[in-house]
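**Student:** Sending over a structure as structure tokens; questions will come in a sec.
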Amino acid sequence: MKSRFDTTRRGVLKLAGGLAVAGAFPATVFGQNKQIVVADPGGPYTAAYRKAFYDPFEKATGIRVVNVAREAQPVAQLTAMVKTKNFVWDVTTLTVAQDIPILEEAGLLEPLGLKPSDYPNMLAESVAPNFMGVDVYSTVLAYRTDKYAKNPPASWADFWNVEKFPGRRSLRRNAIDTLEQALMADGVSIDKLYPLDLDRAFKSLDRIKPHVAVWWTSGAQAMQLIQSGEVDMISTWNARAQTAIEGAAPVAISWNQGLYSIEGWGVPKGTPRAEEARAFVKFCADAARQAAFTDTLAYGPTNLNAYQSIPAKRAAILPTYAANLKLMRAPSAQWWHKNRNLASDRFNAWLLS
């Protein structure tokens, strides 16, 4: 019986043929004394990526994967590397909405030879010529079940309804996602959010501002707030809420009106190890590898065939599970790329007013 990962080079070539175009892994890629440096967010990400992607790739190709923890926002670091040609890493995690538009516009990403048509089982927008999305997280409404046992909040309108749902609230101290939530609370349909009506969004935020106990700034803080019971409902990332749940806290997630983000791999343009980097990125599209990633972190795979090997109980808590995904949408990367500074400056000024 074959193991979950076919670690022979023949197996890799066979998988690559099924996932993309023939010749995805040129013969010159394989060999000893080669390595790539991959930047990831560190912590549980590193453990999950090592298990699902790094070690299997090493075994399959003989190319060593050295991982380093990158800065929270990799755009500036990647830009400096390309401009100075001092490549301290060859692959990094990037997000579709926040990073890719900036890097694409500046021409800072290495072409990867990827076409969406070659990956029919991948989530829409997860494959681009210079990007491969491998996991999805979502900003969701989480709440304490000991506070709202009989009538839990199920929408951003409920979050804004302090009479029907009394309790301490927390929102993210960031314009991204928060402006969308304010509009949905005011009755805007999730499929008609863009272009964002900023005046309407800030009028909606004016109503909830006196009732926000904490404006959180990190995922760890958000998890602690809802896990400890300091707040009763919160806008947070799904994996943070799931960690609280797995820690036996009385917390539940509402996927309704969630905003999901696609995260994956990009390669700085000009790295001398671009060939090996491209092989690694394509390798990570495989459904079995993405399924293995979900064992550790509650992020959804972009290859939806991964659900064929994810246990049903685990699948139900992931963002790209069909029942959850249909309730959500991805933020508009194009709108935020054009309006990020304007919206963020206005949001920060509003917080201080």
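**Student:** Expressed as a whole percentage, what fraction of the accessible surface of region 206-350 belongs to carbon and sulfur atoms when a 1.4 Å probe is rolled over the protein heavy atoms?
**Tutor:** Heavy-atom surface of region 206-350 belonging to carbon and sulfur, 1.4 Å probe: 50 percent.
**Student:** Another question, then. Roughly what would the spin-label model give for residue 145 and residue 47, points 7 Å off Cα along C-beta, in nm?
**Tutor:** For the pair residue 145/residue 47, the computed spacing is 2.4 nm.
**Student:** Taking the Cα centre of the chain as origin, work out the dipole magnitude from +1 charges on Lys and Arg Cβ and -1 charges on Asp and Glu Cβ, in debye rounded to 20.
**Tutor:** Approximately 480 debye in magnitude.
**Student:** Then there's this: Pick out which of 283, 165, 131 has the largest mean-square fluctuation in a Gaussian network model of the chain, springs linking Cα atoms closer than 10 Å.
**Tutor:** 165
**Student:** Rg/Rh for region 121-204: what does it come to with C-alpha atoms and Rh from Kirkwood?
**Tutor:** The Rg/Rh ratio comes out at 1.06.
**Student:** Let me ask you something else. Which one, 258, 266, 219, has the greatest fluctuation when you compute a Gaussian network model over the chain with C-alpha springs under 10 angstrom?
**Tutor:** Largest GNM mean-square fluctuation: 219.
**Student:** Further, regarding this structure: Taking amide H positions as placed in the peptide plane 1.01 Å from N, state which residues far from residue 251 in sequence (5 or more) or on other chains have amide H under 5 Å from it.
**Tutor:** Amide H neighbours of residue 251: 145.
**Student:** Name the residue farthest towards the positive end of the dipole of the chain from the options 229, 57, 250, assuming +1 on Cβ of Lys and Arg, -1 on Cβ of Asp and Glu, about the Cα centre.
**Tutor:** 57
**Student:** With +1 on the Cβ of every Lys and Arg and -1 on the Cβ of every Asp and Glu, and nothing else charged, how large is the dipole of region 168-286 about its Cα centre, in debye rounded to the nearest 20?
**Tutor:** 260 debye
**Student:** Considering only DSSP beta bridges where both residues belong to the chain, give the percentage that are antiparallel (nearest 5).
**Tutor:** The answer is about 60 percent antiparallel.
**Student:** Another question, then. Please express the shape of region 202-311 as an equivalent ellipsoid: the semi-axes are the square roots of 5 times the eigenvalues of the C-alpha gyration tensor, given largest first in whole angstrom. Walk me through the numbers on the way to the answer.
**Tutor:** Working: eigenvalues 235, 75, 34 Å².
Listed largest to smallest, the semi-axes of region 202-311 are 34, 19, 13 Å.
**Student:** With only alpha-carbon pairs counted, each pair once and no self-pairs, how large is the Kirkwood hydrodynamic radius of region 111-161 in angstroms?
**Tutor:** 14.3 Å
**Student:** Name the most mobile residue of 286, 90, 206, meaning the one with the largest mean-square fluctuation, in a Gaussian network model of the chain with Cα contacts below 10 Å.
**Tutor:** 206
**Student:** How high is the FRET efficiency from residue 335 to residue 88, r the C-beta distance, R0 30 Å, rounded to 0.05?
**Tutor:** Working from the Cβ atoms, E equals 0.40.
**Student:** Also: With no solvent and one point per C-alpha, what does the Debye sum give as log10 I(q)/I(0) for region 69-121 at q = 0.17, 0.19, 0.26 Å⁻¹?
**Tutor:** Debye curve over Cα of region 69-121, log10 I(q)/I(0) at q = 0.17, 0.19, 0.26 Å⁻¹: -0.59, -0.72, -1.15.
The values are calculated or read from the model by the stated rules, or taken from the named source; none is laboratory data. Every value quoted in this text rests on a predicted model; they were computed, and no experiment measured them. Here the Cβ is made from the backbone with ideal geometry for all residues, glycine too, and neighbour counts use every protein chain on show. SASA here: full protein model, heavy atoms, side chains in, ligands and nucleic acids out. Shrake-Rupley method; radii C 1.70, N 1.55, O 1.52, S 1.80 Å.
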